[in-house]
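Laboratory data are not the source of any read-out in this text; all were calculated from the coordinates shown. Because the structure is a prediction, the values reported are computed rather than measured. Counting neighbours? That spans all protein chains shown, and the Cβs are built from the backbone with ideal geometry, glycine included.
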Ligand code: AKB
């Protein structure tokens, strides 16, 4: 990657990815973009709506972009309350990005998700290639998006790359409207109030990853030799798998008075129950050397340290 355009740069991933890419490729090499007038951090910024196909091509050409990291999307729980908006942004946005890539020869990274699996998928050590019959509109958009990336790679020679992200835990920007959001909010509440009301049941296992690993995964996959990549839809990647009660116990090792209560959100619980307990990320490890650095204890220690310094 040399000159990179990020869509959805104000979101949970984009906020940190912008500064991370600037630190590797240089401040002038990263174009952050989004639908807002401007961003609060230091970066070249374009007000850009991914639903505006012509503007996408114009921005790519004007900045001589060679790689697009396409992050603009609506997440799982929010999508269930407005499926039409989700389809518009997630599907038509990706379609426009892939069409722009076909016209300008840029490479494209777009994240898929554990949401691309469903109740018929094997739940434990979920393989790279398996049954994908999700029942959320978000999951359906992710499967369709994976297939679309495959299609543009095979038919139009577009260099498409992607990963199936698990829940992402971070301390810069909050996630919005996801099923795995509890694993971020819990840290804020643990520090601010000493207690947290969790909207998923105590034994709900889901894959998770700390943001530094997620950012590194994007760069490592985009920099991998194309000849090594057997999968152009999206690679399973994971770093840890835990349930709310396990995360609460880990936090209590640092904050012994931390208390967890439960008030289950039925929409989120149904979504989480249909997602894998743990992914098999063997193909990513073999093809491009994927290896996470943060497990549950390391992530918890780091989150509490950084957020503690920020919030106290
Ligand atoms: C969500 O919960 O919707 C996202 C995801 C796993 O894709 N964090």
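What distance in nm separates the two pseudo spin-label positions at residue 223 and residue 27, each 7 Å out from Cα along the beta-carbon direction?
Result for the modelled spin labels: 2.2 nm.
Below 8 Å, C-alpha to C-alpha, sequence gap of six or more: please give me the relative contact order for the range 1-73 in percent.
Dividing the mean separation by the residue count of the range 1-73 yields 43 percent.
If R0 is 25 Å, what FRET efficiency do you get for residue 135 and residue 51 from their C-beta distance, rounded to 0.05?
0.45
Based on a Kirkwood Rh over C-alpha pairs, give the Stokes-Einstein translational diffusion coefficient of the range 1-55 at 25 °C and viscosity 0.890 mPa s in µm²/s.
This corresponds to a translational diffusion coefficient of 220 µm²/s.
Within 10 Å, count the other beta carbons around each residue, average over each peptide in 101-109, 252-260, and list them highest first.
101-109, 252-260
Please give the FRET efficiency for residue 58 paired with residue 259, using the beta carbon to beta carbon distance and R0 = 35 Å, rounded to the nearest 0.05.
Rounded to the nearest 0.05, the efficiency is 0.10.
Under the Kirkwood approximation for Rh and a Cα-based Rg, what ratio Rg/Rh is obtained for the chain?
0.95
Provide Rg and Dmax in Å for the range 20-147, with only Cα atoms included in the calculation.
Over the range 20-147's Cα set, Rg and Dmax evaluate to 16.3, 46 Å.
Arrange the peptides 205-212, 186-193 so that the one whose residues have, on average, the most other Cβ atoms within 10 Å appears first.
Top of the packing list down: 205-212, 186-193.
With just the Cα atoms defining each centre, how far is the range 227-293 from the range 1-51? Give it in Å.
First find each Cα centre; the distance between them is then 26 Å.
Could you state the orientation-averaged shadow area of the convex hull built on the Cα atoms of the range 236-312, in nm² to one decimal?
6.9
Pull up the DSSP beta bridges for the chain and report the antiparallel fraction as a percent, rounded to 5.
Antiparallel bridges make up about 10 percent of those DSSP assigns within the chain.
Let me have the 222 nm mean residue ellipticity of the chain computed from DSSP H runs of 4+ only, each contributing -39500 (n - 2.57), with the sum over all residues rounded to the nearest 500.
-12500 deg cm²/dmol
What angle, in degrees between 0 and 90 and rounded to the nearest 10, separates the Cα long axis of helix 182-192 from the longest principal axis of the Cα atoms of the chain?
Long axis of 182-192 versus the principal axis of the chain: about 60 degrees.
For 290, 87, 275, what ranking results if the residue with the fewest other Cβ atoms within 10 Å of its Cβ goes first?
In order of increasing Cβ crowding within 10 Å: 87, 290, 275.
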